[in-house]
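Since the structure comes first, as structure tokens, the remarks are kept for the end.
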Amino acid sequence: MKTSNKFFNFLTLLMAAVPAVVLISIIVFVVYYSIPSIKYNGISFFTTYLWNPGFQFQAPIIRHGVPAPAGSSFGLDLFLLGTLSTSALAIFIAFPVSFLVSLNVELYLPARIKKFVVSMIELFAGIPSVVYGLWGIIVLEPLLFNNIEPWMAQHLSFIPGFKGEIYSGAGLIASGIILSFMITPIVTSVIVNSFDTVPKEVKDGLFSLGATKWEVGKYLITRYSRASTVGGTLLGIGRALGETMAVLMVSGAVTNVLPSNLYSATNTMAAAIASLLDSAFTDSTGMNLAALAELAMVLMLIALAASVIGRKIAGRGALRGYESD
Amino acid sequence: MEEKSVEKVEKVIEIEKLKIKTKNKVILDRVDLNIFRNNVNTIVGPSGSGKSTLLRSLNRLLEMDPAMEVTGDILFEKRNIRDFDPVELRREIGLVFQKPNPFPMSVYDNVAFGLRIQGKKLKREEMDKVIVQALEDADLYEELGGNLKQMGTSLSGGQQQRLCIARALVLRPKVLMLDEPTSALDPIAKGKIVDLIRSLKQKYTVVLVTHDMNLTRKVSDYTNLIYDGKFVAKGTGTEFFESKIEEVKDFLSEAD
Amino acid sequence: MTNSYAKDQTELKWKSVSTRRVKDKVANALSFVVLGTMIVILISIFIYVLNAGATHITWKILSTFGNTSSGGVLNAIVGTWMLVGMGLVFSLPPSLLGALYIVNAKSNGTISSAARLFTDVLTSVPSIVIGLFAYLVLVIRYHMGFSLIAGGLALSVMMLPYLLRIIEISFKNIPKEQIENAYALGADDIRVASRIYLPQAKVGILSGILLAVSISAGETAQLIYSAGFNNALPTGFLHSQVAYLTYVVWTGINEPTTYSHDLAFVSAMILVLSVTALILISKYIVRRK
């Protein structure tokens, strides 16, 4: 073989390794930068919700051999709670919507319109998250604050969490809604794609046994394409967990105050990293940066787990398909 | 094979002036034919002559394709099929496709599927009985050695085909339509289907679409030729093969 | 065969067809309503942003440099495309060559599937984690400062797996015989890559690039701490901050003055129009093929 070809093949091998190198270096560096925080905070990082940068102009405190600003405190509970609750609300909205939309697109919608609608849903996914955030601030928050949340507080107050003071419209509900807009297209397109891979013979078989469209759709989503449904949902959750800007804009970005009801301001791990990094620069001990790195490490772990499991399930579903040919 | 006179046997399905076309192509035209109860009614013809389309129109599966326009009348037990809910019609008229299409689930669940959708809930042991019966009717039960937990998709081609027949039989249809049931099978599996079709007509009315004249000779009670989208000739078992009609002679010589 | 047909005595009772029809109709109606609501919301967001932008757009905003409370957004428009272009420079070569490795039948299968796995996992890293990584490692550790290079690299981390996957798929869509024929005629890998893979997959590659560009033009979290912000254009590739549109949207809408809001609205409009146009063009070229 010619040298040039050998060199070319070697080059393609090197380049195929780039994603692995990038991923591993992100993980390694994020863990590396977290070490001071892991040493200093230990388990309390997971057991407190207070996050204080501390006082820059006092002598640093040293714990486990690591210095940190006096009065500082780093606990992720509030952010973790916010991440989980906003994502949960988002998927609570997005899943049934995606289910019904895919059902409609696949079975009830005339084939001519289907393509157009699917492209439209894809456009939904393409809107930048700051634009959703902007719409959230200008349109959604006032709507929640003036109309929807007062109504909920008045009429649904018998449900725990629905009673109480309304703050600004920013918070869990706004974040959950905006996130659901962002992940619905993802979940929907995974389900629709898996529908498209169902062989026509199987669909014919279902119908010729006398199933209605609803019965066919229910079977396909919950049984035949269950893997893709679950996988797509987990992918959507992964996306919601890691979404930063839109949530940063409509969550209220609160620190140190736990939510007292559904309308309280909240914060998420991703949004907290974005909003706290600014002030972390000024910490001469570096502990603020280290704590944010640890926050990033935990966030990455959760988001990667959700989407790796999602991909695995969805992938297995694709393989599990139709073996007769 | 016992000869029957056309007039005395009860007609289950009557097709009158059926025409099926898409925007720019006529698939079937002027089809008038009858399906007789507890007989094997065979529809033969060269491939592409619209036989499968005809079957799909009988259980109204065809209307799910908006491109297809159907005119003319099809009566099922004297009632126009348009007056049925398709769901009900498809319970009465089962269809088994050319390519076996078991669902990716156990043999048991495959057979139970139609019943779970269409039927009221049965007790576990009743359900078991009904499913075993359907599998026996489809001549598959013994061969599986009672192992109904295996995946339907893991069976051999011939077994899959009979699984699909059992899946249709479990709804106790009045008519069972088989679309080229032997085309994808090896000779041994073919032999089994021939025996099966003969026994099925004791309980069901069978509509068989095929271009396999050997199979037709072996099982058909009434044979209909669809040639070039048009219904051309019909006859009982032996009559048909001795027909003087040009198209029949042409088709028979080509098919053999 | 003599089948005795043991009489199955179990009586079958059918579910009411009309009840099943009602369920079907309800599902039909409900799903239409949900789909309709979703589309109405999308269109209303769309129209809202376009309208808000169009109401406040002025020639001055489009043609002058500024920060998020005064001047215009020309620096942010140009900066956005510079960052995206930089991201493409860093991500396109490895995605093209990496995809060639993955689809090459002579490659090591284990390495190929590992590459694919890492690519998939990389897409799931939250963007702010990439942003933090870019700040800690590129900006500080490797002394790039807030800059085009740091911002472009941060964007490329997101573009790389995306491009690689799309390019891999378009390579795979090439008929196998063509590739086998080329090898049979004695072509080496370079030739097969340059004569078969690249020309045959160029539409797929181009549409992938357009989609990757459309996504990265809308990204923010990777850039906040790698590109910074600049009231003018960057003066070099390193140590010179870059403005971008998503920053103007995010910061402008949170500032108190109406002029800041105007800048945010105009930037959002430009973003939405560009992203939509890119997606539509990419769909168009794929369909035309």
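The values are calculated or read from the model by the stated rules, or taken from the named source; none is laboratory data. Remember, predicted model here, so these are calculated numbers, not experimental data. Counting neighbours? That spans all protein chains shown, and the Cβs are built from the backbone with ideal geometry, glycine included.
For the range A:213-247, the set of residues classified as over 15 Å from the mean Cα position of the chain (by Cα) and buried (at least 24 other Cβ atoms within 10 Å of the Cβ) consists of A:G217, A:L220, A:Y224, A:S225, A:S228, A:T229, listed by residue number. With respect to the stated conditions, A:T188 is within 11 Å of chain C (Cβ to nearest Cβ), within 30 Å of A:G252 (Cα to Cα) and of a type in the set (S, T, Y). Kindly establish whether C:A27 is in contact with a Phe, Trp or Tyr (Cβ under 6 Å, 6 or more places away or on another chain) and under 30 Å from C:L271 (Cα atoms). Answer is no for this residue.
Looking only at residues in the range B:168-218 that are surrounded by fewer than 23 Cβ atoms within 10 Å (Cβ to Cβ), in a helix (DSSP H, G or I) and small (G, A, S), the one that is modelled with the lowest pLDDT is B:A189.
Quick one: how many residues across the range A:1-38 are surrounded by 15 or more Cβ atoms within 10 Å (Cβ to Cβ) and either within 24 Å of the chain's Cα centre (by Cα) or more than 14 Å from every other protein chain (Cβ to nearest Cβ) (or both)? Residues meeting the conditions: 12. Here B:C164 fulfils each of the conditions (1) within 24 Å of B:L33 (Cβ to Cβ); (2) away from chain C (no Cβ under 14 Å); (3) at pLDDT 85 or above apart from (1).
Of everything listed in (1) outside any helix (DSSP H, G or I); (2) without any contact (Cβ under 8 Å) to a residue 40 or more places away in the chain; (3) in contact with a strand residue (DSSP E or B) (Cβ under 7 Å, 6 or more places away or on another chain), the single unmet condition for B:T53 is (1). Among the numbered conditions (1) out of contact with any helix residue (DSSP H, G or I) (no Cβ under 7 Å at 6 or more places or on another chain); (2) assigned to a loop (DSSP other than H, G, I, E, B); (3) within 13 Å of chain C (Cβ to nearest Cβ), the only one that A:K218 does not meet is (2).
Within the range B:142-156, being surrounded by 15 or more Cβ atoms within 10 Å (Cβ to Cβ) and either within 21 Å of the chain's Cα centre (by Cα) or part of a helix (DSSP H, G or I) (or both) holds for B:G152, B:T153. Screening A:A270, A:A253, A:A246 for residues that are small (G, A, S) and facing another protein chain (nearest Cβ under 7 Å) leaves exactly one candidate, A:A270. Of all the residues in the range A:191-215, those that are hydrophobic (A, V, I, L, M, F, W, C), within 9 Å of chain B (Cβ to nearest Cβ) and not in a helix (DSSP H, G or I) number 2. Taking B:I27, is it closer than 28 Å to B:F241 by Cα, touching a strand residue (DSSP E or B) at 6+ places or on another chain (Cβ under 7 Å) and buried (at least 16 other Cβ atoms within 10 Å of the Cβ)? So B:I27 passes the test. More than 11 Å from every other protein chain (Cβ to nearest Cβ), part of a helix (DSSP H, G or I) and either of a type in the set (S, T, N, Q) or under 27 Å from the mean Cα position of the chain (by Cα) (or both): does that describe C:I45? Criteria not met by C:I45. Of B:D212, B:D128, B:D186, B:D179, all but one fail to be over 23 Å from B:N41 (Cβ atoms) and touching a residue at least 24 places away in the same chain (Cβ under 8 Å); the exception is B:D186. Residues in the range B:61-79 that are in a loop (DSSP other than H, G, I, E, B) and either closer than 19 Å to B:K99 by Cβ or within 14 Å of chain C (Cβ to nearest Cβ) (or both) were compared, and the one that is farthest from the chain's Cα centre (by Cα) is B:D65. Taking the numbered list (1) modelled with pLDDT of 90 or more; (2) among the aromatic types (F, W, Y); (3) under 30 Å from B:G119 (Cβ atoms) in turn, A:F181 passes all entries but (3). Candidates in the range A:125-137 are the residues that are surrounded by fewer than 23 Cβ atoms within 10 Å (Cβ to Cβ) and at the interface with chain C (Cβ under 7 Å from one of its Cβ atoms); of these, the one that is farthest from C:T276 (Cα to Cα) is A:I137.
Which of the following residues is assigned to a loop (DSSP other than H, G, I, E, B), buried (at least 22 other Cβ atoms within 10 Å of the Cβ) and more than 16 Å from the chain's Cα centre (by Cα): C:V266, C:V248, C:V242? Criteria check complete, one pass: C:V242.
The single condition among (1) at pLDDT 90 or above; (2) in a helix (DSSP H, G or I); (3) within 18 Å of the chain's Cα centre (by Cα) that B:R82 does not satisfy is (3). Return the residue satisfying two criteria in turn: it lies in the range B:116-141 and is surrounded by 22 or more Cβ atoms within 10 Å (Cβ to Cβ) and within 19 Å of the chain's Cα centre (by Cα), and of such residues it is nearest to the other protein chains (Cβ to nearest Cβ). Checking each candidate, the answer is B:D137. For the residues A:A253, A:A246, A:A240, the requirement of being of a type in the set (A, V, I, L, M, F, W, C) and over 19 Å from A:G126 (Cα atoms) singles out A:A253. The selection criterion, being away from chain A (no Cβ under 11 Å), within 30 Å of A:G236 (Cα to Cα), free of Cβ contacts under 8 Å to residues at least 60 places away in the same chain and not hydrophobic (A, V, I, L, M, F, W, C), does not hold for C:N181.
For the range C:49-60, which residues satisfy the criterion of being under 14 Å from C:F265 (Cα atoms) and either in contact with an Asp or Glu (Cβ under 7 Å, 6 or more places away or on another chain) or surrounded by fewer than 20 Cβ atoms within 10 Å (Cβ to Cβ) (or both)?
C:L50, C:N51, C:A54, C:T55, C:H56, C:I57, C:T58
State yes or no: is C:T55 within 13 Å of chain A (Cβ to nearest Cβ), hydroxyl-bearing (S, T, Y) and under 18 Å from the mean Cα position of the chain (by Cα)? So C:T55 does not fit the description; no. For the range B:219-242, the tally of residues that are more than 13 Å from B:G45 (Cα to Cα), among the charged types (D, E, K, R) and buried (at least 17 other Cβ atoms within 10 Å of the Cβ) stands at 1.
Just the residues that are modelled with pLDDT under 95, crowded, with 20+ Cβ neighbours inside 10 Å and more than 9 Å from chain A (Cβ to nearest Cβ), please, taken from the range C:77-134. Residue satisfying the conditions is C:V103 alone.
When you scan the range C:208-217, do you find a residue that is more than 12 Å from chain A (Cβ to nearest Cβ), of a type outside the set (V, I, T) and part of a helix (DSSP H, G or I), even just one? Yes, because at least one residue in the range C:208-217 is more than 12 Å from chain A (Cβ to nearest Cβ), of a type outside the set (V, I, T) and part of a helix (DSSP H, G or I).
Residues in the range A:40-52 that are in contact with a helix residue (DSSP H, G or I) (Cβ under 9 Å, 6 or more places away or on another chain) and within 20 Å of A:P67 (Cβ to Cβ): A:Y40, A:N41, A:F45, A:T48, A:L50, A:W51.
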